[in-house]
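The values are calculated or read from the model by the stated rules, or taken from the named source; none is laboratory data. Just so it is clear, the model here is predicted, and its values are computed rather than measured. Quick reminder, even Gly has a Cβ in these numbers, built from the backbone with ideal geometry, and neighbours come from all protein chains shown.
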Amino acid sequence: MADSAGSWTLDEDEKLRRSVAEQGLSRQINWYQVAATIANRSNKDCRKRWVYSLAPSIHKGPWDAEEDRLLREGVQIYGTKWAQVSRLIVTRNPDQSSRRWHENLKPNINRDRWSLLEDETLRQAVRAHGRRWIEIVERYFPERTPIGARNRYDQLRKRVIDQQCA
């Protein structure tokens with residue numbers, strides 16, 4: 001989550017919590033008013049920080065069986081429209097839902113060793129698209145995970161560096 005003023009401080013988090021509480025959690029939050037209380041933060045910065053990090057309804061840590069069940073059900077209903085899926089789960093935000101699906105629950109995840117052809121395709125994909133792992137996986141490796149692709153690419157780079165140093 002990129003912010004207009006860098007990492008959030010504890011003081012900013014406290015101001016955000018106070019401002020949201022003053023508006024009342026039961027009604028629509030006016031993020032422009034919230035941002036006016038925090039220097040150098042936009043309404044979007046404040047909304048994202050709240051929704052993705054500070055909202056008390058968002059669980060952090062391990063997923064439970066019920067959350068996994070709701071995630072599977074949500075993907076059946078909405079596909080990969082993560083905002084809609086996360087509304088069904090309630091306790092997780094769209095990024096958490098997407099990450100959990102792609103890294104753990106997607107039924108056709110291939111965890112086998114990478115082939116030489118896959119390695120070369122991965123190198124070419126990174127040259128063409130940069131380190132956009134979700135995009136690369138969706139386009140070239142639908143049975144691999146984004147973190148698996150990132151880890152494999154890092155292994156390949158390390159191998160090249162080690163060979164150059166030897």
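Just a few scattered comments:
- Answer from 92, 100 - the residue that is free of Cβ contacts under 8 Å to residues at least 40 places away in the same chain, crowded, with 17+ Cβ neighbours inside 10 Å, within 12 Å of the chain's Cα centre (by Cα) and assigned to a loop (DSSP other than H, G, I, E, B): 92
- Pairing each residue of the range 122-144 that is closer than 20 Å to residue 112 by Cα and surrounded by 14 or more Cβ atoms within 10 Å (Cβ to Cβ) with any residue that is at pLDDT below 95 and among the basic types (Lys, Arg), provided the two are 6+ apart or on different chains, yields C-beta distances under 6 Å for 137/144.
- Scanning the range 155-166 for residues that are of a type outside the set (S, T, N, Q) and either closer than 15 Å to residue 118 by Cβ or surrounded by 12 or more Cβ atoms within 10 Å (Cβ to Cβ) (or both) gives 156, 157, 159.
- Unique residue being among the aliphatic types (A, V, I, L, M) and in a helix (DSSP H, G or I) when the list is 38, 58, 29, 77: 77
- Count of the range 128-140 residues which are under 21 Å from the mean Cα position of the chain (by Cα) and not in a loop (DSSP other than H, G, I, E, B): 9
- Of residues in the range 103-127 being over 18 Å from residue 67 (Cβ atoms) and outside any helix (DSSP H, G or I), the one nearest to the chain's Cα centre (by Cα): 109
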